[in-house]
Each structure stands twice: as structure tokens, then as C-alpha cells.
């Protein structure tokens, strides 16, 4: 497994989000900014991309989604030396203030 640097791989972004409307909105915005989103609707599909031969250097993960959640994926990314330099953004619509 080889993770390209963000400069080498500036166009590909993993987008893992289970909410269809939010996933679509993020995908459209990433495309407007010139990125090519690799879109996954659940954590299991995102895990397959992350564990694949050419994972993107930037990953936008939903905190809570079916299958493997974003927090578990983030821990896996940080614990895997070839992936440890990847940029990870965790998103959530949850209100943790309660």
C-alpha cells in the first residue's frame, strides 16, 4: 500500500457519509473545488477504499455511519504507518452538548 502525498494526490478525496443529501452536497462542493471525490455511503465501503492499494491522502469521514464508524476508521488510519500521514476530517450532525 502506498499513500501519495496530498500534493501528488490533490484531486482525490475519500468522502464517507451515510446521509444521502449531505453526501450529495459535499460531493458537489468538492467537485466545484476541483477535487475528485471517492464516495462511500457506509463505513464498510470506506474501509475497503482505505485498505486498498491507492487510498486518497485526504479523507472526510462521517463520525457515525453504518458498518465501521469514522472514529474507528480514524484510529485504524493513525495506527497504519503508510496511512498515518493522511489528512482526516471527521463530520457529525450529532449534538454532543446534551
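The values are calculated or read from the model by the stated rules, or taken from the named source; none is laboratory data. These figures come from a predicted structure and were not determined experimentally. Positions of Cβ are generated from backbone atoms using ideal geometry, with glycine treated the same way; all protein chains shown enter the neighbour counts.
Note down all Cβ pairs under 6 Å where the first residue falls in region 49-65 and is without any contact (Cβ under 8 Å) to a residue 40 or more places away in the chain, the second is part of a helix (DSSP H, G or I), and they're at least six residues apart or on different chains.
63/70
Select from region 82-98 the residues that are farther than 22 Å from residue 22 by Cβ and part of a loop (DSSP other than H, G, I, E, B) and write down the one among them that is modelled with the lowest pLDDT. Let's see the steps before the verdict.
Step one: list which residues in region 82-98 are farther than 22 Å from residue 22 by Cβ, which gives 82-85.
Next cut, part of a loop (DSSP other than H, G, I, E, B) only: 84-85.
Working: 84: 83, 85: 86.
Among residues in region 82-98 that are farther than 22 Å from residue 22 by Cβ and part of a loop (DSSP other than H, G, I, E, B), the one modelled with the lowest pLDDT is 84.
Out of the residues in region 41-62 that are surrounded by fewer than 16 Cβ atoms within 10 Å (Cβ to Cβ) and at pLDDT below 95, which is nearest to residue 92 (Cα to Cα)?
51
Condition first: part of a helix (DSSP H, G or I) and either under 15 Å from residue 23 (Cβ atoms) or in contact with a helix residue (DSSP H, G or I) (Cβ under 8 Å, 6 or more places away or on another chain) (or both). Now tell me which residues in region 45-81 satisfy that.
Across region 45-81, the qualifying residues are 45, 46, 47, 49, 50, 70, 72, 73, 76, 77.
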